[in-house]
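The values are calculated or read from the model by the stated rules, or taken from the named source; none is laboratory data. Since we're looking at a predicted model, the values are computed, not measured. Every residue, glycine as well, gets a Cβ built from its backbone with ideal geometry; the counts of neighbours run over all protein chains shown.
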Amino acid sequence: MCDFQKLINEVYKEVKGNNKGKKAHYIPELAKANEKKFGISICDVNGKMYHVGDYKYKVAIESISKLFTLAAAVKKHGTKKVFDKIGMEGSSLPFNSLIAAKLTPDHTINPFVNQGAISTTSLLFNKNEKSNKRVKKELINNMSDFASTNLSLGKNIFESESETNNINMSLAYLLYNNNRLYAPVKETVDAYTYQCSVKVTSDDLARMASVFANKGVNPVSNERLLTKKQTIYILNNVLPEGLYEYSDSWISKTDGGAYAKSGVGGGLLIVIPGVCGIGIVSPRLDENGNSVKGIDAGERISKKISGNPFNTSKCIHNKTCKNKKKNNKTRKNK
């Protein structure tokens, strides 16, 4: 059995001295983050927590919120309609590229580039609903259900992002002009900015990730938040796009067994299906907008506890392996 606490203690020591990268400066409030903070958390599929470092330090959730807005849209409309409205195409261009949004036939591309995420947020509005008050409440309540705690808005972050969201406004108007935005422009972008400004710790991210690891059931509250089918659809979306241009490298380095989503606030969420959710917080970012220490630590941890589907000799979950041995023994006795 993998000793999660021992593992993250070791990885924390190995990665702590990695001081590469720099904080996001294009959103002034994010530039104020404490770049020395570094925390790692794990929540296993039984709801047990493990953590090390600055696991109580809060950062803006930013693009990690896209994962949970997609979950809300899938619950509201079903996977087929969300796929038809948003799509699941790959992109080699930056996550907020106006060129990509303009040249791609459906303009949305996928739920994890900004234009696709903004369009996904618009799907949460009811028909002819002009106010976003209800949607904002739904967005934060939905994320809180996954985190098993009441999350709160970073007011200063929200105000800072609202003053610097010109590109997102441009993307939204482009979507609107191509009939790919399903609610009023300003209200949708405001709601999208709101969801990105919610504050989370590495503990929060680990619990949120554990729901996907546990086939849609929150292992802390035991509440089913997604069906197994919905969970698979969402993970199939996040694997190739969750880490921007680094996504392919991540898949290669983790054998495709770890599903990750990052945010420019310095957070990283990782799902190891059937095993655990991982949350990492460290504000220094690489050139792709991913946490430097988050990627470094995440790859080290994922290699230890995720399973290559063709490597049957690797025990990735002690309980499962014990059950297999027990069943094999029973069969032999029969």
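Considering segment 27-44, the residues that are basic (K, R) and within 29 Å of I305 (Cα to Cα) include one that is surrounded by the fewest Cβ atoms within 10 Å (Cβ to Cβ), namely K36. Taken over segment 1-52, residues that are farther than 15 Å from G277 by Cα and among the acidic types (D, E) amount to 4. Of the residues making up segment 232-245, just one is surrounded by 20 or more Cβ atoms within 10 Å (Cβ to Cβ) and more than 13 Å from the chain's Cα centre (by Cα), namely Y233. Any residue in segment 289-301 that is polar (S, T, N, Q), closer than 23 Å to S202 by Cα and modelled with pLDDT of 95 or more? Yes, there is a match, as at least one residue in segment 289-301 is polar (S, T, N, Q), closer than 23 Å to S202 by Cα and modelled with pLDDT of 95 or more.
If we scan segment 125-147, do we find a residue that is under 21 Å from G265 (Cα atoms), surrounded by 20 or more Cβ atoms within 10 Å (Cβ to Cβ) and in contact with an Asp or Glu (Cβ under 6 Å, 6 or more places away or on another chain)? Taking every residue of segment 125-147 in turn, at least one turns out to be under 21 Å from G265 (Cα atoms), surrounded by 20 or more Cβ atoms within 10 Å (Cβ to Cβ) and in contact with an Asp or Glu (Cβ under 6 Å, 6 or more places away or on another chain). For L151, indicate whether it is crowded, with 19+ Cβ neighbours inside 10 Å, under 11 Å from S119 (Cα atoms) and of a type outside the set (V, I, T). Here the answer is no, as L151 does not meet what is asked.
Could you please let me know if V198 is crowded, with 24+ Cβ neighbours inside 10 Å and over 30 Å from K127 (Cβ atoms)? Spelling it out, it is not the case that V198 is crowded, with 24+ Cβ neighbours inside 10 Å and over 30 Å from K127 (Cβ atoms). So, in segment 2-21, of the ones that are at negative phi and part of a loop (DSSP other than H, G, I, E, B), which residue ends up modelled with the lowest pLDDT? If we take residues in segment 2-21 being at negative phi and part of a loop (DSSP other than H, G, I, E, B), then C2 is modelled with the lowest pLDDT.
Could you list all residues from segment 121-158 that are β-branched (V, I, T) and touching a Phe, Trp or Tyr at 6+ places or on another chain (Cβ under 9 Å)? T121, V135, I140, listed by residue number.
Results for (1) assigned to a loop (DSSP other than H, G, I, E, B); (2) β-branched (V, I, T); (3) out of contact with any helix residue (DSSP H, G or I) (no Cβ under 8 Å at 6 or more places or on another chain); (4) more than 30 Å from I118 (Cα to Cα), shown as yes or no for each residue.
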| position | (1), (2), (3), (4) |
| --- | --- |
| A31 | no, no, yes, no |
| S41 | no, no, no, no |
| H51 | no, no, no, yes |
| L70 | no, no, no, no |
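Looking across segment 219-245, the residues that are out of contact with any Phe, Trp or Tyr (no Cβ under 7 Å at 6 or more places or on another chain) and part of a loop (DSSP other than H, G, I, E, B) come down to P219, V220, S221, N222, E223, L226, T227.
Please verify whether segment 289-301 includes one or more residues that are in a helix (DSSP H, G or I), under 13 Å from A209 (Cβ atoms) and either without any contact (Cβ under 8 Å) to a residue 12 or more places away in the chain or over 14 Å from the mean Cα position of the chain (by Cα) (or both). Yes, there is a match, as at least one residue in segment 289-301 is in a helix (DSSP H, G or I), under 13 Å from A209 (Cβ atoms) and either without any contact (Cβ under 8 Å) to a residue 12 or more places away in the chain or over 14 Å from the mean Cα position of the chain (by Cα) (or both). The single condition from (1) surrounded by 20 or more Cβ atoms within 10 Å (Cβ to Cβ); (2) modelled with pLDDT under 95; (3) not in a loop (DSSP other than H, G, I, E, B) that A24 fails is (3).
The set of residues from segment 6-29 being free of Cβ contacts under 8 Å to residues at least 24 places away in the same chain and either over 22 Å from G289 (Cβ atoms) or out of contact with any helix residue (DSSP H, G or I) (no Cβ under 9 Å at 6 or more places or on another chain) (or both) comprises K6, E10, K13, G17.
Determine whether V217 is farther than 23 Å from I40 by Cβ and either surrounded by fewer than 24 Cβ atoms within 10 Å (Cβ to Cβ) or in contact with a helix residue (DSSP H, G or I) (Cβ under 6 Å, 6 or more places away or on another chain) (or both). Answer is yes for this residue.
Applying the criterion of at least 3 residues that are at pLDDT below 95 to the helices (runs of 4 or more DSSP H) found wholly in segment 97-216 leaves 98-103, 114-122, 166-177.
Taken over segment 164-204, the residue count meeting the criterion of being in contact (Cβ under 8 Å) with a residue 40 or more places away in the chain and over 19 Å from the mean Cα position of the chain (by Cα) is 18. Of all residues in segment 246-264, those being part of a loop (DSSP other than H, G, I, E, B), at pLDDT below 95 and buried (at least 18 other Cβ atoms within 10 Å of the Cβ) number 2.
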